[in-house]
Amino acid sequence: MAAGLGKRMKSKLAKVLHPVAGRPMVLYAVDLAQQLAGEHVAVVVGYQGKEVRAAIEASGPRQPVMIVEQTQQLGTGHAVQQARDVFRRLGKSLSTYVILNGDTPLLKPATLQALLRLHQEERAAVTVLTATPGNPAGYGRVVRAKGGRVQKIVEDRDATDAEKQIGEINVGTYVTDGAFLFTALDRLRPRNVQGEYYLTDVVALAVERGLRVSALTVRRAAEGMGINSREQLAAAERVIRRRTCAHWMREGVTLRNPATTSIDADVVIGRDTVIHPDVTLEGRTTIGEDCIIRSHTRISDSALGHRVVVQDHCVVREARLEDDASIGPFAHLRPGAVLRRAAKVGNFVEMKKAELGEGSKANHLSYLGDAKIGKGVNIGAGTITCNYDGHKKYDTVIGDDVFIGSDTQLVAPVTIGKGAVIAAGATITADVPPDTLAIARVQQINRPGWASRQRALQTGGSLPPSRKLTSMKADKVSGKSSGRDVKPAKRRL
Ligand code: UD1
Ligand code: CA
C-alpha cells in the first residue's frame with residue numbers, strides 16, 4: 001500500500017517517496033514483497049502515483065511489479081480492494097496474501113518469513129505482526145481477549161482511554177487467507193473517526209466468523225516502526241545507516257568512525273577500503289578495494305576502482321575514477337568527470353564532462369569542462385577550459401603527452417595536438433599542431449626605476465633631486481614639459 005499522501009509529513013512529496021538512506025521508502029516494501037512472492041507483487045499507488053511507479057521502475061526491480069491505482073484514498077482496506085482485479089487476472093487463485101504498509105522500511109525478511117510460517121502452522125485466516133514500542137501513541141492497538149487471543153485492532157483515534165493504555169500495536173504487516181481476504185474487504189464499512197475503510201477491521205470480521213486470528217510480536221519494536229513524521233523518518237534513517245555500516249564492516253571495510261559515516265542502502269564497497277570520519281556515500285556509488293576516502297567528502301552515484309585515494313573535502317557526483325586515481329583535497333568532480341587509471345586531480349580543481357587520461361595530472365586550481373584529455377598530460381596550475389560563450393558549450397581536446405603551462409586559458413572549441421607544449425600564461429584561441437610550442441601572451445616590458453618614482457608621486461612628490469633630474473631629462477627627450485604634466489609617470493605606463 002503506497003497510495004497515501006502522508007499528511008503528518010507536512011510535505012509536497014508523497015510519504016513513500018521520501019528517501020530513507022538514499023532509497024525511496026516504498027522500495028523497501030517492494031523489495032521485501034518480491035523476496036517473498038516474486039512476480040506476484042502488486043503495489044497500490046495513488047497520490048503522486050506516476051512518480052511512485054517511476055521510482056519502482058528506476059530501481060530495477062527483480063521482477064516486474066503490478067501497479068494498481070487507488071484514485072481516492074479511502075483507507076487501507078479500500079487500497080487492498082483495488083488489487084483484487086490484477087490478482088484475478090493472473091488466472092489462478094492465490095492461497096495466501098501478504099500485505100505490507102509502504103511506510104515500514106525497517107522490516108526484515110526473516111520476520112516476514114516467521115509471520116508466514118506462523119500463519120500456515122496455525123491455519124489462520126489472518127495473522128498480524130505486532131510490536132510493543134516505548135510509545136504506542138499514533139498506532140492501532142491490538143485488543144486481546146482474556147485468554148490472549150486477538151479480538152480486534154483499534155485505531156489510535158478511535159480508541160477509548162482504556163484501549164489507549166494498551167502497549168501492543170499493529171505494525172501494519174499481515175498475512176491473510178486468499179479466500180477470506182476479498183470477501184472480508186467487501187464487508188468493511190467506514191464507521192470510524194476518519195470515515196475510512198480500515199484494513200485492520202478484517203481482524204474483527206474474522207473473529208466474528210469464528211476464524212482463527214494469529215499474531216507474532218517482533219522482538220525489537222524498532223523493526224516495526226511506521227514512518228508518519230519527519231522525526232520517525234530520521235529515526236528510521238539512523239537504524240538503516242547503523243545496519244549498513246555494520247554490514248560493510250563485516251564485509252571487510254574499515255570505518256574509522258561509523259557513527260559519522262553515512263552510507264546509502266545501494267552503495268557497494270570493496271574490502272580493505274578505509275573510510276575516515278564524516279564521509280557521505282550516496283545513491284548507486286560503488287567503491288573498489290583498498291581505497292582511502294578521507295573526511296568531509298561526499299560521493300554520489302559514482303564508480304571508483306581499486307586503490308583510489310580521495311583526500312579531504314571532495315565532492316564527487318556521477319563521476320568515474322579508475323584504479324589508482326587520486327583526487328583532492330578540495331576537488332569537485334561533477335557529472336561526466338572521468339579519471340583514467342592513475343590520473344591525478346589536486347586541490348581546487350573542478351571537472352565536468354571531462355576525461356583525464358591515464359597518468360595525467362591536473363594538480364592545482366583548474367576548471368576542466370567538456371574536455372577530452374589524453375595520457376601523460378600535465379595540466380598546469382590555473383588552467384581553464386573556456387567552454388561556454390553564454391549560449392553554447394564547446395569541446396577542448398588535448399592529445400597524449402601534452403604539457404599545458406600554468407595559467408592557460410583554452411578557448412574552446414580547440415584541439416591541442418599530441419606532445420605539444422603550451423607556454424605558461426597563454427590564451428589559446430586556435431588549434432595547436434602536434435609537437436609544437438605555442439606562446440600566446442603579451443610581450444614583457446621592464447621599466448627600471450619606475451616603481452620608486454611612482455611611490456614618491458603618490459606620497460607627495462618629494463623625490464631626491466638627482467632622480468628628479470633624471471626624470472626631467474627623460475621628459476625633455478620625449479619633448480614634453482614636466483611642468484605642465486600632472487602625472488607623467490602614469491602616462492608613460
Ligand atoms: C496503519 C494502521 C495502524 C497501524 C499503522 C502501522 C490502518 C487503518 N491502520 O495506520 O493500525 O498501527 O498503520 O504503521 O490500516 N494507504 C493507501 N491508501 C489509503 C490509505 C493508506 O495506500 O487510502 C497506504 C499509505 O500510503 C501507507 C499505508 O497505507 O503506506 C498506511 O497508511 P497510514 O495512513 O500511514 O496508516 P496509519 O494511520 O499509520
Ligand atoms: Ca503509517
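The values are calculated or read from the model by the stated rules, or taken from the named source; none is laboratory data. None of the values given here were measured: they were computed from a predicted structure. Positions of Cβ are backbone-derived with ideal geometry, glycine not excepted, and every protein chain shown enters the neighbour counts. Ligands, DNA and RNA are excluded from the accessible area calculation, which covers all protein heavy atoms including side chains. Shrake-Rupley method; radii C 1.70, N 1.55, O 1.52, S 1.80 Å.
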Item to check | The one condition in (1) at pLDDT 95 or above; (2) more than 16 Å from ligand 2 (Cβ to nearest atom) that Leu94 fails to fulfil | outcome: (1)
Checklist entry - Does Asp278 meet the test of being of a type in the set (Asp, Glu), within 24 Å of His18 (Cα to Cα) and without any contact (Cβ under 8 Å) to a residue 40 or more places away in the chain? => result yes
Item to check | Selection count where residues are in contact (Cβ under 8 Å) with a residue 40 or more places away in the chain and acidic (Asp, Glu), scope the stretch 153-168 | outcome: 2
Checklist entry - Which members of the stretch 391-442 meet the condition of being modelled with pLDDT under 95 and of a type outside the set (A, V, I, L, M)? => result Arg441
Next on the checklist: Among the residues of the stretch 230-239, what is the count of those that are open to solvent by 30 Å² or more (accessible area, probe 1.4 Å) and in contact (Cβ under 8 Å) with a residue 12 or more places away in the chain?
Outcome noted: 2
Checklist entry - Can Gly195 be described as in a loop (DSSP other than H, G, I, E, B) and open to solvent by less than 70 Å² (accessible area, probe 1.4 Å)? => result yes
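This table checks each residue for (1) open to solvent by less than 10 Å² (accessible area, probe 1.4 Å); (2) more than 22 Å from Thr415 (Cα to Cα).
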residue	(1), (2)
Arg320	no, yes
Ala325	yes, yes
Gly336	no, no
Val349	yes, no
Val377	yes, no
Ile398	yes, no
Checklist outcome for this item: Of the listed residues (Asn135, Asn101), the one being under 29 Å from Ala234 (Cα atoms), open to solvent by 50 Å² or more (accessible area, probe 1.4 Å) and within 16 Å of ligand 2 (Cβ to nearest atom) is Asn135
Item to check | All positions within the stretch 212-228 that are open to solvent by less than 70 Å² (accessible area, probe 1.4 Å) and over 18 Å from Asn101 (Cβ atoms) | outcome: Val213, Ser214
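Per-residue answers, yes or no, for (1) at positive phi; (2) at pLDDT 95 or above; (3) away from ligand 2 (no atom under 16 Å from the Cβ):
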| position | (1), (2), (3) |
| --- | --- |
| Tyr47 | no, yes, no |
| Arg53 | no, yes, yes |
| Ser59 | no, no, yes |
| Gln63 | no, no, yes |
| Met66 | no, yes, yes |
| Glu69 | no, yes, yes |
| Thr76 | no, yes, no |
| Ala79 | no, yes, no |
| Ala83 | no, yes, yes |
Item to check | Breaking point among (1) farther than 25 Å from His306 by Cβ; (2) surrounded by 19 or more Cβ atoms within 10 Å (Cβ to Cβ), for Arg242 | outcome: (2)
Checklist outcome for this item: Taking the stretch 4-18 and the residues there that are modelled with pLDDT of 95 or more and in contact with an Asp or Glu (Cβ under 8 Å, 6 or more places away or on another chain), the one that is farthest from ligand 1 (Cβ to nearest atom) would be Leu17
Checklist entry - Given the residues Ala29, Ala33, which is the only one that is touching a residue at least 24 places away in the same chain (Cβ under 8 Å), within 16 Å of ligand 2 (Cβ to nearest atom) and assigned to a helix (DSSP H, G or I)? => result Ala29
Checklist entry - Just checking, which of Leu107, Leu129 is within 16 Å of ligand 2 (Cβ to nearest atom), assigned to a loop (DSSP other than H, G, I, E, B) and of a type in the set (A, V, I, L, M)? => result Leu107
Item to check | Looking only at the stretch 37-71, and only at residues there that are touching a helix residue (DSSP H, G or I) at 6+ places or on another chain (Cβ under 8 Å) and in a loop (DSSP other than H, G, I, E, B), the one that is nearest to Asp201 (Cα to Cα) | outcome: Gln70
